[in-house]
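The values are calculated or read from the model by the stated rules, or taken from the named source; none is laboratory data. The shown structure was predicted, so the numbers you read here are calculated from the model rather than taken from an experiment. Quick reminder, even Gly has a Cβ in these numbers, built from the backbone with ideal geometry, and neighbours come from all protein chains shown. Side chains are part of the model used for accessible areas, which takes the heavy atoms of the whole protein and leaves out ligands, DNA and RNA. Shrake-Rupley method; radii C 1.70, N 1.55, O 1.52, S 1.80 Å.
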Amino acid sequence: VAGDELLADFYTKWQHDPLVVDRWLILQASCILPGTLARVRELLTHPAFSIKNPNKVRSLIGVFCANQHQFHAADGSGYAFLTEQVTVLDPLNPQTAAALLTPLTQWKRYDAGRQQLMRTELEKIAALPGLSPNTDEVVRKSLQEH
């Protein structure tokens with residue numbers, strides 16, 4: 001709770017400096033403690049975040065997906081989160097959406113359970129109607145690797 005207050009105070013003080021706000025998002029998305037995904041989900045609706053701003057997307061979603069402790073949760077919740085975000089982002093910014101997929105394209109590096117969860121999410125993305133050529137290429141190339 002004290003940490004939440006400190007984060008809120010920090011944001012209040014620095015909210016007008018976009019680069020500092022990016023770091024504020026990064027700090028929270030990179031947290032290794034349980035509950036990080038829930039925090040990231042909350043931040044998606046925070047005034048500091050905009051899905052239309054590539055820097056904010058990289059600072060929050062991209063950093064969470066690089067968070068080895070939380071993104072690769074055994075239940076696949078991190079992978080499902082990324083699929084949700086790519087689904088929203090692809091029509092808005094296909095280049096950023098495709099770039100966010102990098103952690104899923106590395107599915108072969110993980111244990112069998114995680115590999116299956118990651119491939120399932122890639123297949124969900126591949127099945128999206130109107131998928132951009134950028135994202136489609138990344139997904140299909142990854143799924144072709146056996």
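Numerical summary
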quantity: I32 vs. criteria among the hydrophobic types (A, V, I, L, M, F, W, C) and open to solvent by 20 Å² or more (accessible area, probe 1.4 Å); calculated: yes
quantity: Among (1) open to solvent by 10 Å² or more (accessible area, probe 1.4 Å); (2) farther than 24 Å from P18 by Cβ; (3) not in a loop (DSSP other than H, G, I, E, B) - the single one H72 does not satisfy; calculated: (3)
quantity: Breaking point among (1) in a helix (DSSP H, G or I); (2) open to solvent by less than 60 Å² (accessible area, probe 1.4 Å); (3) not hydrophobic (A, V, I, L, M, F, W, C), for K108; calculated: (2)
quantity: Unmet requirement for A99, which otherwise passes all of (1) farther than 20 Å from K141 by Cα; (2) under 13 Å from the mean Cα position of the chain (by Cα); calculated: (1)
quantity: Qualifying positions in the range 9-36 - among the aliphatic types (A, V, I, L, M), under 16 Å from Q70 (Cβ atoms) and touching a helix residue (DSSP H, G or I) at 6+ places or on another chain (Cβ under 6 Å); calculated: L25, I26, A29
quantity: The range 10-24, residues that are within 12 Å of R58 (Cα to Cα) and crowded, with 16+ Cβ neighbours inside 10 Å; calculated: D22
quantity: Residues satisfying the stated conditions in the range 16-58, i.e. more than 23 Å from A74 (Cα to Cα), polar (S, T, N, Q) and not in a loop (DSSP other than H, G, I, E, B); calculated: N55
quantity: Conditions (1) surrounded by 20 or more Cβ atoms within 10 Å (Cβ to Cβ); (2) under 16 Å from the mean Cα position of the chain (by Cα); number of the one not met by L92; calculated: (1)
quantity: Residues located in the range 45-66, provided they are more than 16 Å from P18 (Cα to Cα) and open to solvent by 10 Å² or more (accessible area, probe 1.4 Å); calculated: T45, G62, V63, A66
